[in-house]
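The values are calculated or read from the model by the stated rules, or taken from the named source; none is laboratory data. On a predicted model such as this, the values are computed, not experimentally measured, just so you know. Every residue, glycine among them, receives a Cβ derived from its backbone with ideal geometry; neighbour counts consider all protein chains shown.
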Amino acid sequence: MFSCNKEDTKSNCNSLVCDQSLAMISFRFTDKDGNGLNVKNYSAINQKTGDTIKSVAAISINVTRGTYIIIDDAYKNNLSSEGNDIKISGTNESTGQTKVAVIKVAGGSCNCHVSKLSGPDKITFD
């Protein structure tokens, strides 16, 4: 496999060899006991562009309660290889408490898949 660095141009990525798998990044919302919680007003926003991210994979994948597919390879080319901050938020349906977290996700035309660079894996409600 090949990868690109900052100085590479799009034409230098033509030698990139990728598999056909679909990478995705998930995130969990839980209560204080670790039980998954479905939230209302869920959103994932690309902080650089202001885009609301809707995962294509989330439509067809059955996940456990409280788990959300944040982003997948369908959005890869809208991300930089250095990473974009993605603001994730949701509101606890029973208490009305809203919480926010930020994760950094990389993509770009010189990467085969999206990848999480930093940030939490879950939000825990009080």
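Which one is modelled with the lowest pLDDT among residues in the range 13-33 that are in a loop (DSSP other than H, G, I, E, B) and among the aliphatic types (A, V, I, L, M)?
LEU16
Consider TYR75 carefully, then state whether it is surrounded by fewer than 17 Cβ atoms within 10 Å (Cβ to Cβ) and among the aromatic types (Phe, Trp, Tyr).
It is false that TYR75 is surrounded by fewer than 17 Cβ atoms within 10 Å (Cβ to Cβ) and among the aromatic types (Phe, Trp, Tyr).
On the basis of being more than 23 Å from ASN92 (Cβ to Cβ), surrounded by fewer than 16 Cβ atoms within 10 Å (Cβ to Cβ) and in contact with a helix residue (DSSP H, G or I) (Cβ under 9 Å, 6 or more places away or on another chain), does ASP51 make the cut?
Working: more than 23 Å from ASN92 (Cβ to Cβ): yes; surrounded by fewer than 16 Cβ atoms within 10 Å (Cβ to Cβ): yes; in contact with a helix residue (DSSP H, G or I) (Cβ under 9 Å, 6 or more places away or on another chain): yes.
Answer is yes for this residue.
If the requirement is being surrounded by 15 or more Cβ atoms within 10 Å (Cβ to Cβ) and at pLDDT below 95, which of these qualifies: GLY90, GLY108, GLY119, GLY83?
Details: GLY90 fails: at pLDDT below 95; GLY119 fails: at pLDDT below 95; GLY83 fails: at pLDDT below 95.
Only one candidate qualifies: GLY108.
Among LYS87, LYS48, which is the only one that is part of a loop (DSSP other than H, G, I, E, B) and not β-branched (Val, Ile, Thr)?
When all the criteria are applied, what remains is LYS48.
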